[in-house]
Amino acid sequence: MNDIGVDNKLLKVGIYLRLSNEDKDKQNKDDDSESIKNQRNMLIDYIEKHEEFVLFDEYCDKDLSGAGTYRPEFERLITDCENKKIDVVLCKSQSRFSRDMEIIEKYINNKFKEWNIRFIGLSDNADTDNIGNKKSRQINGLVNEWYLEDVSNNIRSAFLSKMKQGEFISPFAVFGYKISEENNNKLVVDNVAAEIVKSIYNLYLTGLGFTAIAKYLNSRNIPSPSFYKYQNGIKLNINSNRPREEIKWTTNAIKTILTNEIYLGHLIQGKRTTVSYKNHKIKKKDEKEWVKVKNTHEAIIDEETFNKVQKVMKERTKPIKITGLVHIFSGKVFCLECGHYMRKKNSNKYEYLVCSENRDGYDECVNKTSIRYDVLENIILEVINNKIQKFQDIKELENLYLKSKKYSFSNQIISLKLQKNNIEKQISSTKNYLKNVYEDKVNGIITLKQFKDLMEEYNKNEDSYNEQIRLINRKITHLKTNNESFKNVHKIFSKYQKFDKLNKIIIDEFIDKIYVGKINKKRNSRDIQIKWNFK
Ligand SMILES: [Zn+2]
């Protein structure tokens, strides 16, 4: 008979190898292959000692965790089992197969039985052919699962304490920063990317929306964060097969940058977590649980700019009015004649503003004619642009002026402080003198009358000294405020170029109030006055 009887059938063995954390600890840390080699030798040796076994294939994962992470070779092993290509699964131990009790139950205790596959774990004597073995295998499985849970919890609490100390724990830096070469838990400014971040904040404040900013940056070939990081060899946290240069700025990327407090120098971590050590699905944590530590690294955006952007964002996302446009002059336009606000009214074609004291049924104000909204808009736009234009023209001059003013400003302060010092010195030397005189009086060298006269003179002097000091202090404060307000105006203007269109942000920044007067019939004109936010 040529047939090989069932009893003599050779059993095809699949060996499963997995790298594990314990191996890392014990052995040469850089050489993963050592542990795999040892496992392989041990298993092949076993097969050779058992003549009913023959090696079918080797399945080898370099996964360290043993939990539900991606294990492609494990998947291949299971598929081959299901397709009945193998008869025996051989491992160093049950824990190499999996540390997850659910997986052990599912495969070793159920599916394998169904598929008629024998499982052998050498070091823990697990063998599904040995019926009395099941309990000890289950106990082993439980112990392994507890071990995994402990490791996972330890890692979590180690991360949490790092986060609480303001250490940056992600391997991926946020755009605008890079991970410090000296300390990989610290962020340092990436100067080039930081400039892009700053310009995004500025663009938003000039009135562009998220999408418009993304388009603007793309049109100028400003690299998106992914592409920038790729260009500069910085670690990326995306898995995409798309060519990096095709990854462009998106609305979402802009929004993320405009809302991230990391640019203020604060770290907010632990926003997300995995469901459990078995389930690596990401879930969002409650805001109360986020770990926020202030001033952990250098800021890119100052607090004033950041807060302004958040405020504007809130306003822009308010429900839009029926006209579909946010009323850009809302709260700003008043009647020059009576001081009441100008209300908006619509015709089929245009929008108008009219003194609120004139409405159906009664008209209290002499300012009866409405002004077309778009007309007022054009006027204001022109006035603002003129102001900016003027400023640009004289910018150089102004800079020089600022410098000279700064110079004289500090000189003036210094000389005032010197004066103050001198006076204070005089006061203290007079005090000393007075002390001596008092001793002379006590010793009978001068008379009481003489002492009283000197005392009176001293008091007079002290009053005048104090008055002088008060004056000097007032001068210093005055100089300082002047200098500040000049710097503020400078700041507002230097931010902007000419505008093509007005928006609420520009209006709010430049203008406090607009007053619209009545029509002068003789000259066919009306007075419009603007109260600026600066002098
Ligand atoms: Zn009025």
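The values are calculated or read from the model by the stated rules, or taken from the named source; none is laboratory data. Keep in mind that this is a model prediction, so the values were computed, not measured. All Cβ positions, even for glycine, are placed from backbone atoms using ideal geometry, and neighbour counts span all protein chains on display.
For the reader, a short list of remarks on this structure follows.
- Residues (surrounded by 11 or more Cβ atoms within 10 Å (Cβ to Cβ), under 30 Å from PHE534 (Cβ atoms) and not β-branched (Val, Ile, Thr)) located in the range 431-473: LEU471, ASN473
- Among the residues of the range 339-360, not a single one is in contact with a helix residue (DSSP H, G or I) (Cβ under 6 Å, 6 or more places away or on another chain) and at pLDDT below 70.
- Enumeration of residues in the range 330-360 that are assigned to a loop (DSSP other than H, G, I, E, B) and within 16 Å of the ligand (Cβ to nearest atom): LYS332, LEU336, GLU337, CYS338, GLY339, HIS340, SER356, GLU357, ASP360
- Yes/no for TYR373 being away from the ligand (no atom under 12 Å from the Cβ) and modelled with pLDDT of 85 or more: yes
- Test: residue in the range 281-302 that is touching a helix residue (DSSP H, G or I) at 6+ places or on another chain (Cβ under 6 Å) and either modelled with pLDDT under 85 or in a helix (DSSP H, G or I) (or both): no
- Filtering the range 383-404 for residues that are touching a Ser or Thr at 6+ places or on another chain (Cβ under 9 Å), part of a helix (DSSP H, G or I) and at pLDDT 65 or above leaves a non-empty set.
- Answer from ASN185, ASN144, ASN109 - the residue that is touching a helix residue (DSSP H, G or I) at 6+ places or on another chain (Cβ under 8 Å), modelled with pLDDT under 75 and surrounded by 15 or more Cβ atoms within 10 Å (Cβ to Cβ): ASN144
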